[in-house]
Amino acid sequence: MCCEKDLAAFVEDTRKNGGHGALMYLDLDDFKHINDSLGHQYGDILLQDISKAVSRIEGISSSCYRMGGDEFVIIVPPESYYRIDKIIEEIKDAFATPWYLKDSDYYCTMSMGLVRFPDHGDSVAELIRKSDVAMYAAKKSGKNRIAEYSDNIDSASIHRLDLEKSMYDAIKKQCEEFEVFFQPVVSKEDGKKGKKGKKGDPPCGR
C-alpha cells in the first residue's frame with residue numbers, strides 16, 4: 001500500500017536524521033446513519049469532501065490516505081512535525097463545521113487515534129496497530145475525540161481482546177464455562193411495602 005510505503009520512508013528518515021513524525025488513524029462517527037438516511041451516493045460525496053478538506057491542511061496535503069470505508073490515515077512527516085498542534089486543530093475545525101449534502105447541512109464527527117514516531121514505535125505494523133488502539137479508545141470514551149496512544153490504553157485493549165476470545169471459546173464449548181447468577185430487582189415502591197420494624201428498632205442501614 002502507498003500509505004505503508006510512505007510511512008516506512010518517513011520512519012527511516014527519523015531513524016537516520018533524527019526528528020519526529022506522527023500517524024493519525026481517523027474514523028467517522030456514525031457514518032452509517034448518513035448512508036442509510038441519504039443514500040450511499042451522498043455518503044460517497046461526504047467522504048470526498050472530507051478528503052479534500054483534510055488534504056488542504058498545510059503539512060499533510062500529500063500524506064492523507066483513505067483506508068477504505070470511512071477510515072482515513074494521516075501521516076505528519078518529520079518536516080511538518082513542528083506544526084502538529086496546528087494540524088490537529090485544523091482537522092478538528094474541519095469537522096466542527098457542517099457538510100452540505102442534499103440541499104441541507106449535516107454534521108459528521110470523527111474519532112482519531114494518534115501515535116508519534118519513534119516515541120511509540122519504529123515499525124509500520126506497530127505504529128498502525130497502536131494508532132488503531134488509540135482510535136478505539138477515543139470511540140469508547142464517547143466519540144468525537146482524539147486519543148494519543150499510551151501503554152495504559154494498550155493494556156486495556158489487550159484485556160478486552162482476551163476477554164472476547166475467552167467468551168467465544170466458551171460459546172464453542174456450549175457455554176459450559178459460563179456461570180449465571182440471578183439478581184432480584186427491587187423497586188423503591190417495593191421497598192416501601194416492606195415489613196415495618198418494631199417500635200424502637202433503628203432504621204435500616206444504621
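All of the numbers you see were taken from the coordinates with simple rules; none came from a lab. Because the structure is a prediction, the values reported are computed rather than measured. Cβ: placed from backbone, ideal geometry, glycine included. Neighbour counts: every protein chain shown.
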Open item on the list: At 7 Å along Cα-to-Cβ for each site, give me the label-to-label distance between Asp44 and Val180 in nm.
Closed with: 4.7 nm
TODO: Grab the other residues whose beta carbon is less than 11 angstrom from that of Thr14, score K and R as +1, D and E as -1, and report the net.
DONE: -2
Open item on the list: Once you place label points 7 Å from the Cα toward the Cβ at Glu79 and Ser141, how far apart are they in nm?
Closed with: 3.3 nm
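Order 46-55, 1-10, 123-132 from most to least packed using the mean count of other Cβ atoms within 10 Å. Mind showing how you got there, number by number?
Working: 46-55: 16.6, 1-10: 14.9, 123-132: 19.2.
Descending mean neighbour count gives 123-132, 46-55, 1-10.
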Task: Exceeding the 32 Å Cα-Cα cut-off - candidates Lys102/Lys130; Lys52/Lys139; Lys16/Lys140; Lys86/Lys143; Lys16/Lys143; Lys86/Lys140 - done: Lys102/Lys130; Lys16/Lys140; Lys16/Lys143
